[in-house]
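One structure is given here, and the rest of the page talks about it.
The values are calculated or read from the model by the stated rules, or taken from the named source; none is laboratory data. Nothing here was measured: the structure is a model prediction, and the numbers come from that model. Cβ coordinates were reconstructed from backbone atoms using ideal geometry, including for glycine residues, and neighbour counts include every protein chain displayed. In case anyone asks, the SASA skips ligands and DNA or RNA and just uses the protein heavy atoms, side chains included. Shrake-Rupley method; radii C 1.70, N 1.55, O 1.52, S 1.80 Å.
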Amino acid sequence: MAGRSVLSASLIVIIAASGFGLLGPLARFAYDEGFDPLSFVAWRAIFGLLVIVVVVLWRRSRGVAVVNPVRLPRADSLGLVAVGFSGLALNVAIFAAFGVGSIALALLAFYTYPAFVAVVAVVLGHERLDTNRVVALALALGGMVLVVVGGLDPATGVTVHPLGIALGLVAAGFQTVFVTVSRGRFASVPAEQAMGWAIFITAAACVVITLATGGNLGAPFGGWQPLGLAAVAGIFGAGIPSTLFLVGIRTIGGTRAGILMLFEPLVGVTLAALLLHETLLPIQLAGGVGILAAAVLLQRTALPGERIEPAGVPSVERS
């Protein structure tokens, strides 16, 4: 029963990672259609928010109450705000990192966050980091490094830009805050409503920043193709995967969810090979095997007595 819950929640996180993995190729196509990074993030958030509003209204019609965040306990209200601004900050940081240096190196810095999440979870006493999880984390991180580094073309003369790496690490830090706070606060707020508020903060702030900096906020109105790219990025690369990610965090904890989210670069690289005709090297395939092995290990080591709560209610694993 617990193992089945871990499996279903793990699949939910993998689906979320796959959705986020769409963003690399989608961003490349969107930039060709006149988007800049901030306007792309803004429209992605806007369409993501729209799909979440539809889900909230549908669930309300089925008896799920809409929670007023102002009436939450103070700690939960602050947690919801922290998650919203963490999401905003990590998006701004990682897209800024893409603009000043190598995307691959920025991603290498960003995807250190599962290790940070694991350390913070142990320090706070939320989860235990046993041998199997350490091995899974090492396999997943190692696989991610092979997948991303395999895409570095020596012919391009890639150079290390300290600012790009620093911004990637900043994004990793905010992602760690996002995962940690999401696990322990505002449990009474359904996942789609919590992510709705978080994405609303990102959408509003990015619209203001884009207008203030002269970004191309009107890019989607250039035709059906840019509008479609923004819609797909928002629905399948923001609204749906963000909600599923939160469900996964609440069900299986930040450490497991963070490790499984390392499917994201694997999906992104695979799609780049299929859609952008980028070469998929043997070293990247080996990295993918490492990530898959980590997922299998996490599932096989789910203990029969491990406490798994329903999605939307945070559990605390105790040693």
**Study point:** For Gly215: the one exception among (1) outside any helix (DSSP H, G or I); (2) on the phi < 0 side of the Ramachandran plot; (3) free of Cβ contacts under 8 Å to residues at least 40 places away in the same chain
**Key:** (3)
Exercise for review: Working only within the range 78-88, note down all residues that are more than 17 Å from the chain's Cα centre (by Cα) and open to solvent by less than 30 Å² (accessible area, probe 1.4 Å).
Suggested key: Gly79
Check your understanding: Which ones in the range 212-240 are aromatic (Phe, Trp, Tyr) and either open to solvent by less than 20 Å² (accessible area, probe 1.4 Å) or more than 18 Å from Gly24 (Cα to Cα) (or both)?
Key -> Phe221, Trp224
Review point. For Val170, all conditions in the list (1) at pLDDT below 80; (2) on the phi < 0 side of the Ramachandran plot; (3) surrounded by fewer than 21 Cβ atoms within 10 Å (Cβ to Cβ) hold save one; what is the number of the exception?
Key: (1)
Check your understanding: Yes or no: Gly253 assigned to a helix (DSSP H, G or I), open to solvent by less than 50 Å² (accessible area, probe 1.4 Å) and either on the phi > 0 side of the Ramachandran plot or among the aromatic types (Phe, Trp, Tyr) (or both)?
Key -> yes
Check your understanding: So which residues in the range 28-42 are touching a residue at least 40 places away in the same chain (Cβ under 8 Å) and in a helix (DSSP H, G or I), if there are any at all?
Key -> Arg28, Phe29, Ala30, Pro37, Leu38, Ser39, Phe40, Val41, Ala42
Review point. Take the residues of the range 16-75 that are acidic (Asp, Glu) and over 20 Å from Ile201 (Cα atoms): which is most open to solvent (accessible area, probe 1.4 Å)?
Key: Asp32
